[in-house]
Number of protein chains: 2
Amino acid sequence: MAINNTENINTWLSHLHEETKFSISVDCVIFGYDEAALKVLLMDCNMPPYEGKKSLIGDLLQKQETTDEAAKRILENRTLLTDLYLEQVNVYSNPFRHPLGRVITLAYYSLINIEDYENQIVDAENKQLEWKTLATIDDLAFDHLEIVKDAYARLQRTVREVPIGFSMLPKKFSLIQLQNFYETVLDIELDRRNFRRKLMALGLLIDLKEFQDNVAHRPAKLYSFDFEKYKQKKNIGTLNFEI
Amino acid sequence: MAINNTENINTWLSHLHEETKFSISVDCVIFGYDEAALKVLLMDCNMPPYEGKKSLIGDLLQKQETTDEAAKRILENRTLLTDLYLEQVNVYSNPFRHPLGRVITLAYYSLINIEDYENQIVDAENKQLEWKTLATIDDLAFDHLEIVKDAYARLQRTVREVPIGFSMLPKKFSLIQLQNFYETVLDIELDRRNFRRKLMALGLLIDLKEFQDNVAHRPAKLYSFDFEKYKQKKNIGTLNFEI
DNA sequence: TTGCTTTGCGTCAATTTAACACAAAGTAAT
DNA sequence: ATTACTTTGTGTTAAATTGACGCAAAGCAA
């Protein structure tokens, strides 16, 4: 038994060598919502053969950090925002996906409120990053287009089940804005009146008793999302958040 | 521009060194369904300090394979079955999760029909692997308990949206068996009559015109799942598979 | 004051879901 | 062969949810 253990460990150790060690990068698909369009934050890729193309924002995993920490680090470095929503998407491990050698990447996606961002986002060389409308993205460096598609599919699924969309909206929003958001992300049309009914029935919106101004029509009521009540309801199991 | 590229590449290359390379393992949560219980295939862990505990079945990622290929290899080696359902769960990257050094693991889960398995499954040392009822698993080596929980949560979500459950059932099954399966996996109770109605309405079950035998009561009709029709309907977009 | 645009609400029909009871098919026991 | 027992298989009805739709209200602009 003891011998067995030792053998087993030695087997393991012998495998833990250079040959089976890999560089790991963490790439972030940062979604933002603005002007009724879903956007993704991209940087210029200047690595052959992908010069001139855009790529996701990422970095290599460092020695003592978890992948979650790496994703958080990358995001905070770039956006200067904290407490961002982060979710793992997938691992991309094609041996030839990276021109400089084998790099396995773990993709995350994140949602940010473009209002908060205020154009401060730059890359490592201080070049401005660019928000690109998701629908217009058709070519990216590496396998990043596939990653973006997977992340979007995941976002579409998650946004219906969990109120993550509120991270992408202003703190104060109108029901119409909220509806537009769901219509954009899910790529469907919703009936205004039925949408309102459903959302109000959830009981998770706080009526701020405030209104839009500077609009050439009836101003809309503003709401915020009641994260506290959401947590409570979720814990009790009372919740059926389903858009 | 050219200089920029070179710099950039050098920056990358300098990072692609030993310090930021990691061993990667692929661990499989193999679910099986039998006797109205959901089970997980486990092996004995004889690595200190986890001697005596059970662990998931896994292996190190090899130099030229993708993680999907690694998961498939591991599964086929152990179960001797091919064409198994496989889905990525999550990456587990705590630097101290493995006693022999940093090993980042990617978990997959898979579903197999215990009938097909016929007790042939052995580990690398030819020791019989063990099916353990999910509900009774409360302690595993490494962070494998967390992995099993995550995989189960993922299974619960996916099983409602995609007909993956049929991989875990006999090819010929009764509606009651099917209902029991969903009740077990989702941990809910379903009304027999409403369940039947819903399933029949899907139009994806083939009535085999066969019946159970050797049962001390009215024998149940047997069905099989119409994978062909499912693919068709899915492609046309006619489908609403929602248990 | 009128017209324009967008917000906000209520109703009604259609669909879906939930709850429920009883007959039918077979085996086992007498 | 009759009866008891167990499990399968089906239909009906009320309640809840969803979908479709029209119209009044609020504000700005002309």
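The values are calculated or read from the model by the stated rules, or taken from the named source; none is laboratory data. Note that the structure is predicted; figures quoted are calculated from it, not measured. Positions of Cβ are backbone-derived with ideal geometry, glycine not excepted, and every protein chain shown enters the neighbour counts. Please note that ligands, DNA and RNA were not included when accessible areas were found on the heavy atoms of the full protein model with its side chains. Shrake-Rupley method; radii C 1.70, N 1.55, O 1.52, S 1.80 Å.
For A:K53, the amide hydrogen comes within under 5 Å of the amide hydrogens of A:C45, counting only partners 5 or more places away or on other chains and with H modelled in the peptide plane. Stretching A:E146 away from A:K132 to a fully extended chain increases their span by 3.5 nm, per 0.36 nm per residue minus the current alpha-carbon distance. Computed from the C-beta positions of B:D187 and B:K234 and an R0 of 30 Å, the FRET efficiency is 0.65 to the nearest 0.05. Distances longer than 14 Å among the Cα atoms of segment B:170-236: what percent of all pairs is that? Across segment B:170-236, Cα pairs with separations above 14 Å total 64 percent.
Using a/c under 1.5 as the rounded threshold, could you call segment A:154-196 rounded, prolate or oblate? The axes a ≥ b ≥ c are square roots of the C-alpha gyration tensor eigenvalues, and prolate needs a/b larger than b/c, oblate otherwise.
Here segment A:154-196 falls in the oblate category.
Derived scalar couplings between HN and Hα for segment B:188-196 equal 9, 9, 10, 6, 4, 6, 5, 4, 4 Hz in order, rounded to whole Hz, by the Karplus curve 6.51 cos²θ - 1.76 cosθ + 1.60 (θ = phi - 60°), x for Gly and Pro.
Scanning chain A for the Cβ atom closest to the axis that brings A onto B yields residue and whole-Å distance A:K21, 2.
Each copy carries a label point for A:T133 at 7 Å from Cα toward Cβ; from one copy, the others' points are 5.7 nm away, ordered from shortest. The phi torsions of segment A:154-171, fed into the Karplus equation with coefficients 6.51, -1.76 and 1.60 and a -60° offset, translate into couplings of 5, 4, 4, 6, 5, 5, 7, 9, 9, x, 8, x, 5, 5, 9, 9, x, 4 Hz, rounded to whole numbers, with Gly and Pro shown as x. Residues whose amide H lies under 5 Å from that of A:S174, counting only those 5 or more places away or on a different chain, are A:Y223; hydrogens are built 1.01 Å from N in the peptide plane. Label-point distances for B:R160 to the equivalent site in the other copies, using a point 7 angstrom along Cα→C-beta, read 1.1 nm when ranked shortest first.
Simple spin-label estimate for A:A153 and B:D83 gives 2.1 nm between the two label positions (7 Å along the Cα-to-Cβ direction from each Cα). Computed with every protein chain present, the accessible area of B:E146 is close to 100 Å² [probe 1.4 Å]. Applying Stokes-Einstein at 10 °C and 1.306 mPa s to the Kirkwood radius of chain B, computed over alpha-carbon pairs, gives a translational diffusion coefficient of 78 µm² s⁻¹. When the C-alpha to C-alpha distance is required to be over 19 Å, the pairs from A:K53/A:K132; A:K54/A:K127; B:K209/B:K231; A:K72/A:K172 that qualify are B:K209/B:K231; A:K72/A:K172. Solvent-accessible area of the protein assembly as shown (1.4 angstrom probe, protein heavy atoms only): carbon and sulfur portion equals 48 percent. For A:Y85, list long-range residues whose amide hydrogen, built 1.01 Å from N in the peptide plane, is under 5 Å from its own amide hydrogen. Those qualifying (amide H under 5 Å, at least 5 residues apart or on another chain) are A:L111. A 1.4 Å probe run over the protein chains yields, for chain A, 51 Å² of accessible area per residue, whole-number rounding.
On association of chains A and B, roughly 4500 Å² of accessible area becomes buried (total for both chains; probe 1.4 Å). When the helices in the protein assembly as shown are scored as -39500 (n - 2.57) per DSSP H run of 4 or longer and the sum is shared across all residues, what 222 nm value do you end up with, to the nearest 500 deg cm²/dmol? Mean residue ellipticity at 222 nm (helix-derived): -10500 deg cm²/dmol.
For segment A:92-108, backbone phi angles converted through the Karplus equation (6.51, -1.76, 1.60; θ = phi - 60°) give residue-by-residue couplings of 10, 10, 4, x, 10, 6, 10, x, 9, x, 6, 10, 8, 10, 10, 9, 10 Hz, Gly and Pro being listed as x.
I'd like to know which of B:F195, A:M47, B:A107 lies farthest towards the positive end of the charge dipole of the protein assembly as shown, counting +1 on Cβ of Lys and Arg and -1 on Cβ of Asp and Glu. Farthest along the dipole direction, towards plus: B:F195. The convex hull of the Cα atoms of segment B:41-147, projected and averaged over all directions, covers 7.1 nm². Across segment B:134-222 the C-alpha pair distances fall into 10 Å bins from zero in the proportions 13, 41, 28, 14, 4 percent.
For the protein assembly as shown, the Cα-based Rg and Dmax, in that order, read 25.2, 82 Å.
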